[in-house]
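Written below as structure tokens is the structure these notes are about.
The values are calculated or read from the model by the stated rules, or taken from the named source; none is laboratory data. Treat the numbers as computed from the prediction; the structure is a model and nothing was measured. Glycine gets a Cβ as well: all are built from the backbone with ideal geometry, and neighbour counts include every protein chain shown. For accessibility, only protein heavy atoms count, side chains too; no ligands or nucleic acids. Shrake-Rupley method; radii C 1.70, N 1.55, O 1.52, S 1.80 Å.
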Amino acid sequence: MKKFFVIMLVMAAALFMFAEETEWLIRDVEGGVKGGTLYLGTTSGPKTLNAYWSQESSSRDIYKYMYESLMGSDNKAQVNQPALAKRFWREETADGGTAYYFELRKGLKWSDGQPLTVEDIVFTYENIIKGDGMTADGVETYQDTEGNLPELTVDGNILKFKYPTKYRFGYDSLGGITIMPKHIFKDKVDSPESFAQMWTIEQIGDIISSGPYIVTEYREGVRVVLERNPYYFIKSKDGVQLPYLDKLVFLIVQDTNTMRLKFEAGDIDLLQISAADYPAIKAQQAEKNWNIIVGGPNASSQFIAFNFNAKDPIHREWFRNDNFRLAMSFAFDRETIIDTLYNGLGEPMYGPRNRTSAFYNPEIESFGFRYSIAKAKRYLQQAGFTWNSQGQLLDWDGNVVEFEITTNSGSNAREEIANIFVDSVQKLGINVNYRPVQFNTLVQNLYSANWDSLILGLQGGDDPAWGTNVWSLNGGLHFWNWSPEVQDWVDPNEYYVSDAEKRIDEIMKINRSIMDPAKVQDLWDEWQMLAAGKQILVYTVSQNYLVAMKDDIVIFNPEPSPLYGAGVLWNIEAIYKK
Amino acid sequence: MLKYILRRLILSLPVLLGVSIVAFLVISLAPGDFLDTYRLSPSISKEQIDNLEKQFGLDKEPVVQYFIWLKNIVQGDWGYSFTYKVPVWNILFRRLEATLLLSITTFIFTWGIGIPLGIVSALKQYTFTDQALSVFGFIGISIPNFFFALLWLFMSASTGIFPIGGIISNNFDSLNWFQQMGDYFWHVIGPMVTLGTSGLAGTMRIMRGQLLDELNKDYVEFARAKGMPNRVVIYKHAMRNAINPVVTSLGFSISGLLGGAVLTERVFSWPGMGSLIIEALTQQDIFLVMANLMLSALLLVFGNLIADILLAAVDPRVRLRLS
């Protein structure tokens, strides 16, 4: 009899647990129509749907509609919105540390109906993020300035991540953790191999999600089908459970010309257009009733870097000279690139962020960077350069200025940038030889002395702290100048680092321990002023975000988000078809 | 005959081994490795890259890597794709359906139409039909595939008769079985014609030249003088002698069945192996590339074998030599 009561009690408890009412997140939309399929195009299919092992945007473009984190981001790509966590706050503790609190919503479920609880988050943090070699990215993102990982404790529905030092970056890093279901992964986290081989494209159909959609079909090279997650936790203001759209179908079309034809024929509903295609699409707009949105400049970063440690010591001296790089920047005709490459639909970039970014410092415009050969010549003269009778530029020792520029072949934009750069500096009497190489060759040579200047683009989050690896002196991607460690084995006199670079290094080191957002912004303002003022990297241009869509698609917020690749599809759950 | 086949298969083993050595070394000698894209990711630190190198076994010398690969293959493990984290054969097999659909239809198109047209051309030598077929063939051979493909797509876009690339329509799921089959074939026509036209002219010209050679020989004249009906002279005597080189090249083209056609696949967004392998090559997904190269080498060996067997079937002289 006692046994019976115990069983009854357990069952009642289970029933009570499952019956727990979901604490809905209410999205600020109403009047949408449920149903319909949105056809989208992508140039390449996903490689793996395991968020911790994919490195390609083609995979991210699919799973970003599937996995939720504790926090979401706003239309400026800032992580400050509630998602799985209904409340979040942080405290500076008495011992000088920082505690991040996330209160998980009650009644959350995975798309297979299993409850999503704090257990899943603890599991993801302890076994995957902290696990040895379990993720491709490593743990660096979650570490404070001293390399500590936070300690996680749970109190009911509240998760507490405690850092021993001051750490401001917790919303971005911890709030963005992709949560993995414990009930599926619990036996799969014993080795990196077994974890990496989970949720590959072979397991489609078994993958479950916490986000608005679940992938249900993938025909390699053909299409990816995502269907609504019936347990999604967001509702509209008038009480409709989101997402509105039943299905998202991504057609895989490798060739962008074919993609455009497919959009024109109506096979694809929404197309992110290149500036080159824009006039042709615009011309058909009235006839086909398309909506075309021209957004701000994309958050891209194509820049020219000069090798401070080039093989030839004479070249080194030019490249290390601030006035020389400033002259290069003034002589570099960005407007022509925008006209020829982007049909006028782009904006010049003079510093590491453009006006789309939430961290943009408009003060860099006071430098007055604009194409000017006269200014370029003045800076060269200031640096001690002269011209000979044939109009060739000579340095202070009488050497003729001539160097190489390289980039990876196959990237149309970079090749065009290289050509225009070569053309532009010709006017200063400088002969630049353009030598395109294969992508892997470029990467392999990045840390060598075997290049003079190169064109590259790097992708990262909007918060400049994501660029720590690029801007710190000993960062893994600080490729244009040696790390200070080299002084142990090269002649210390050959090592050079400017005051501006030293200060940037400091900014990258201290920003994570400053809690006041205004003070952090001051640092980013200073960083942009230093990077732009000295043209440590010569930034080029960025294309405007352009998208065309059929007129029956209602976009919840038509201002495109700078979040990489999201554009108008940010907050997909609130988009519907009339 | 069986002994001959067996001997050929055993002799092909060193060939395959040689192919694997050369292929592996060439891939390893190419600059960079799979982790290059990781190296350009601002969120991955230098230490993490070193860890990954160890994890993927990329920190070892190419020769060591090769022997590990070979040892695993002997044990039946072909490795897994770095990008997909899935055993390589599973990735290749996922592309098999589309690749075979396109290559077999193209094969039938090229040989099924090319051989009869070549015969017609030879029999009507220097007439209008012959000239017209030659012009048609040369146009096919001289238009680059990707350009032909683009022309085809623009034609489809403006007329709406054919679909714009892909392998299935958007409403594929709502069709019944027969309509689905029809849908596949409707989509395969574009890439098939594109690939087929370039091969068609080749087949046609070989067939025409060979048949004309034979028709000008003395034994044909003799047979005709004997009063043998023209049909028998051509199809029973001249044809059998003329077909040998055609059969040999047919065997070779078997090895291309799984190779894929990169440019055409790309423009038609056809999900074949060509585009998969190009992507794998640029990413240096070494095991996937190796598996594909070994598959091609194996098919070449088999294609040649099949060609020889076919040759024996059509030519008694070869049969005699083999036994």
* To do: Please average, across the residues of A:216-225, the number of beta carbons from any other chain that are within 10 Å of each residue's own beta carbon, and give a whole number.
  => 5
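From the square roots a ≥ b ≥ c of the eigenvalues of the alpha-carbon gyration tensor of the range A:94-214, which class results: rounded (a/c under 1.5), prolate (a/b over b/c), or oblate?
It comes out oblate by the Cα gyration axes.
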* Structure fact -> If each K or R counts +1 and each D or E counts -1, the residues other than B:Y38 whose Cβ falls under 12 Å of its Cβ total -4
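Please give the average number of partner chain Cβ atoms lying within 10 Å of the Cβ of each residue in B:82-94, rounded to a whole number.
5
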* To do: Add +1 for every Lys or Arg and -1 for every Asp or Glu among the other residues with Cβ under 10 Å from the Cβ of B:R94, and state the total.
  => -1
* To do: Work out the mean other chain Cβ neighbour count within 10 Å for the residues of B:282-292 and drop it here as an integer.
  => 1
* What is the set of long-range amide H partners of A:Q78 at a cut-off below 5 Å, with H atoms built 1.01 Å from backbone N? -> none
* Asked: For the range B:39-122, what relative contact order do you get, as a whole percent, if you take Cα pairs closer than 8 Å and at least 6 residues apart?
  -> 11 percent
* Structure fact -> In order over the range B:39-45: 3J(HN,Hα) from phi, Karplus 6.51/-1.76/1.60, θ = phi - 60°, whole Hz, x for each Gly or Pro, gives 5, 8, 8, x, 8, 10, 7
* Structure fact -> With the 1.4 Å probe rolled over protein heavy atoms, chain A has an accessible area per residue in Å² of 40 Å²
* Average projected area of the Cα convex hull of the range A:68-134, in nm²? -> 6.6 nm²
* Structure fact -> Taking protein heavy atoms only, a 1.4 Å probe, and rounding to whole percent, the accessible area of the range A:323-417 owed to carbon and sulfur comes out at 43 percent
* To do: Estimate for me the total accessible surface buried between chains A and B (protein heavy atoms, probe 1.4 Å, no ligands or nucleic acids), in Å² to the nearest 100.
  => 4800 Å²
* Structure fact -> Taking N as the residue count of the range B:99-240, its alpha carbon Rg divided by 2.2 N^0.38 Å gives 1.37
* To do: Report relative contact order for chain A in percent, whole number only (criteria: Cα-Cα under 8 Å, sequence separation at least 6).
  => 19 percent
* Asked: For the range A:481-539, what's the radius of gyration and Dmax over Cα atoms, in angstrom?
  -> 13.8, 41
* To do: For the protein assembly as shown, restrict the atom set to alpha-carbon positions and state the Rg and Dmax in Å.
  => 32.1, 115
* Asked: Cβ under 14 Å from B:Q180's Cβ, B:Q180 left aside: what net charge do those residues give with Lys, Arg +1 and Asp, Glu -1?
  -> -2
* Asked: Ordered by residue, what ³J(HN,Hα) values in Hz, to whole numbers, does the range B:280-288 give under the Karplus form 6.51 cos²θ - 1.76 cosθ + 1.60, where θ = phi - 60° and Gly and Pro are x?
  -> 5, 5, 5, 8, 6, 7, 4, 5, 5
* Antiparallel content of DSSP bridges confined to chain A, in %, to 5 -> 75 percent
* Asked: Which residue, chosen from A:A283, B:L40, A:N557, occupies the Cα position most advanced towards the positive end of the dipole of the protein assembly as shown, where the dipole is computed from +1 (Lys, Arg) and -1 (Asp, Glu) charges on Cβ about the Cα centre?
  -> A:A283
* **Highest-first arrangement of A:221-231, B:87-97, B:59-69, where packing means the average Cβ count within 10 Å** => A:221-231, B:87-97, B:59-69
* Asked: Shape of the range A:408-547 from its Cα gyration tensor (a ≥ b ≥ c, root eigenvalues): rounded if a/c is under 1.5, otherwise prolate when a/b > b/c, or oblate?
  -> oblate
* Asked: What order do you get for A:514-527, A:545-558 when each peptide is scored by the mean count of other beta carbon atoms within 10 Å, highest first?
  -> A:545-558, A:514-527
* To do: List the residues whose amide H sits under 5 Å from the amide H of A:S542, counting only those 5 or more places along or on another chain, with H placed 1.01 Å from N in the peptide plane.
  => A:E347, A:M349
* To do: Just order A:360-366, B:315-321 by mean Cβ neighbour count inside 10 Å, highest at the front, would you?
  => A:360-366, B:315-321
* Asked: What are the aspartates and glutamates whose alpha-carbon lies under 15 Å from the alpha-carbon of A:K64, with same-chain residues fewer than 8 places away excluded?
  -> A:E56, A:D74, A:E227, A:E573
* Structure fact -> The ³J(HN,Hα) series, computed from each phi in the range A:538-545 with the Karplus coefficients 6.51, -1.76 and 1.60 at θ = phi - 60°, rounded to the nearest Hz and given as x for glycine or proline, is 8, 6, 10, 9, 9, 7, 5, 6
